[in-house]
Amino acid sequence: MSSVQGRGRPDSVGEASASGGADVVARLIPRLAQWLTQPWRLARSAWRRSIQLRVITATLTLSVVVVSLLGVTLSRQITDGLLQAQAEAAVADAAAGIDTAQEQLDAAVEQEPGALSQVLRQIAEDAAARGTTSGTDPLYEVVLLGTERNASYSSGPVYDSVPAELRERVRSEARVFRTYSSLEYPAAPDVPGLVVGGQVTDPSGVAYELYYLFPLTEQQQTIDVVLTALATAGVLLVLLLCALAWLVARQVVTPVRLAARIAERFSAGRLSERMVVRGRDDMARLALSFNQMAASLQHQIGQLEELSRMQQQFVSDVSHELRTPLTTVRMAADVLYESKEDFDPVVQRSVELLQAQLDRFESLLGDLLEISRFDAGAAVLNAERHDLRDIVHKVVDSAAPLATDKGSELGVDVPVEPCVAEIDTRRIERVVRNLVVNAIEHGEGRPVRVKVAVDEHAVAVAVRDHGVGLKPGESSLVFHRFWRADPARARTTGGTGLGLSISLEDARLHGGWLQAWGDPGQGSQFRLTLPRSAGDELRSSPMALVPDDAGDEPIRVSGVGNPYRRISSSDGDTRRSGDSGDSGDAGDSGGTQGTDGDDPAEVSRRG
């Protein structure tokens, strides 16, 4: 048994090493792929961003194609012209030489067979001598090929310089044929040449092959010079065209880039930015039109700002001026309300309505004053470290009578760990109260749950109801001032139409988000997310905006028990596994990142 175990250890070590190596390879492959594709990504990004680069690239490509076609055409024409003239002269010389050799063979009728070989050799040497001038390279070489080896002769090149195809054609027909080939020498490099050949016949009727090999060294040098000149001219032409394209593109793109920079500054609030107008060309007209548009926008924006300031001042003034008469009316209404038992039932009802509407009017006046402070930029954040759980419990306690009156059951789900953040307690309490009261009023007597979550960077409060929900398109309007989902629906409990607008401004003042989700028949959920440290930038929320039961069956109205119930971490039968702050953070890291990154004024709807 011990020997078996001893042999098993190396196997396990080897498997561990192999798995470790596989993990290293698996980590390196994505990095290597990213490193290899990085140049392509950079080039693609530059191609998309730069019009000038695209213009120069297109010009370069078309220039290379045109210059290449032009160079190939010119080089072919020049080469054909040089070789055609040389070929015609070579065929004429070779035909004359073959005719002379045939005449010499015809005159050697009475020669003995052994002497005939000498005559053939002499004929070939004489032909080669005619092509040689003193002090220069020979005009051509001569190769005589016969049926016997001793009847063959070459003035320099090897016999293999004559292509086999040409030999077949010469043997088949008594004509002069030509072809281009490479002339091979025993102790010298090969040179391009033209081979011209034909048949000669001795008196006994035996045919021999006589070939004239014309070196094309000079023609090749001329062609090389021409090709070099064409290539140089083509490169210079392409560079010139690219330079012209760069210059033209720069003249066009530079004003456009300048207009883009000025437009960015203009959109950033620097309304006095203008383009410089030079000349009277198209770019000058573009700059002039841009400046006119900017001036018109600046004038209109100035008018709107002035109108907004006047409206803000009017709201502020009216709100302050209404304070004094409202105080007087309130005092009189309080006196009447305290003495309502002395009145008949009709007057008692009128006094009660008067008292309720005065309460509503005071609330509306306070909201108008608060909105005017936000509009004027006078709102101040008094941030202190506070536990968000305490605020939630305080709000739920105060809203319990309303929930009992509406028949809704309030549920509070808070984590065990502290949810401390730097917040303005008064403002956050107002936000949570608005969300809870709205959920109760629109919950149609169904359960309402308030949930708190926390992570390392943020705290969040979500208020979930199962009432009428939000229709498509209403999610973008719910935070607008004085907006009502149903204009015919009466606000029986407070409700000035400014609560969610003020709540949104309070969330923004903290650098937080106030977002909503809703679906008809499944209710809605509002989520407030705040940074734990004042001034920090939010990147995610510790809980999902879309509730876990968004896809469940509609919730039926159950029996109403206590006004609200607190759910602790030990209530495993009523708490979902994904509702805690820690697990909610993990579960929402990928699913709600896109929602969390939206503008807090926008409302995300997920179904």
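The values are calculated or read from the model by the stated rules, or taken from the named source; none is laboratory data. As the structure is a computational prediction, the values presented were derived from the model and not from experiment. For neighbour counting, all protein chains shown are included, and Cβ atoms are generated from backbone atoms with ideal geometry for every residue, glycine included. Protein only, heavy atoms only, side chains kept; ligands, DNA and RNA dropped before computing areas. Shrake-Rupley method; radii C 1.70, N 1.55, O 1.52, S 1.80 Å.
Which FRET efficiency value, to the nearest 0.05, do you get for Leu236 and Leu42 by plugging their Cβ-Cβ distance into 1/(1 + (r/R0)^6) with R0 = 25 Å? Given R0 = 25 Å and the Cβ-Cβ separation, E is 0.25.
Between Arg309 and Thr73, the modelled label-to-label distance comes to 7.1 nm, taking each label 7 Å out from Cα in the direction of the beta carbon.
Output the peptides 504-516, 63-75, 82-94 sorted from most to least packed, where packing is the average of other Cβ atoms within 10 Å over each peptide's residues. Spell out each step's value before the answer.
Working: 504-516: 22.5, 63-75: 14.2, 82-94: 16.1.
In decreasing order of mean packing, 504-516, 63-75, 82-94 become 504-516, 82-94, 63-75.
Across Phe290, Phe482, the residue with the most accessible area heads the list, and the full order at a 1.4 Å probe is Phe482, Phe290. When the Cα gyration tensor is reduced to axis lengths a ≥ b ≥ c, the ratio a/c is 1.5 or higher for region 364-465, and with a/b not above b/c it is classed as oblate. Here's the picture: charge each Lys and Arg Cβ at +1 and each Asp and Glu Cβ at -1 in region 122-258, and of Ala229, Val200, Val248 the one pushed furthest to the positive end of that dipole is Val248. Of the solvent-accessible surface of region 32-269, computed with a 1.4 Å probe and all protein chains present, 60% belongs to carbon and sulfur.
Multiplying the residue separation of Asn382 and Ala260 by 0.36 nm and subtracting their alpha-carbon distance yields 39.9 nm. Just the number please: accessible area per residue for region 380-531, 1.4 Å probe, all protein chains included, in Å². It amounts to 37 Å² per residue over region 380-531.
Which of the peptides 185-193, 535-543, 24-32 is most tightly packed, and how do the rest follow, going by the mean number of other Cβ atoms within 10 Å of each residue? Don't skip to the end; give the middle numbers.
Details: 185-193: 12.6, 535-543: 18.4, 24-32: 9.8.
Descending mean neighbour count gives 535-543, 185-193, 24-32.
For Val347 and His320, a Förster radius of 25 Å and the Cβ-Cβ distance give a FRET efficiency of 0.15, rounded to the nearest 0.05.
Dipole orientation for region 380-531: of the candidates Leu477, Gln515, Ala399, Leu477 has the Cα lying most toward the positive pole (charges on Cβ; Lys, Arg +1; Asp, Glu -1). The accessible area of Ser308, taken with all protein chains in place and a 1.4 Å probe, comes to roughly 40 Å².
Rounded to two decimals, the Cα radius of gyration of region 380-531 over 2.2 N^0.38 Å is 0.99.
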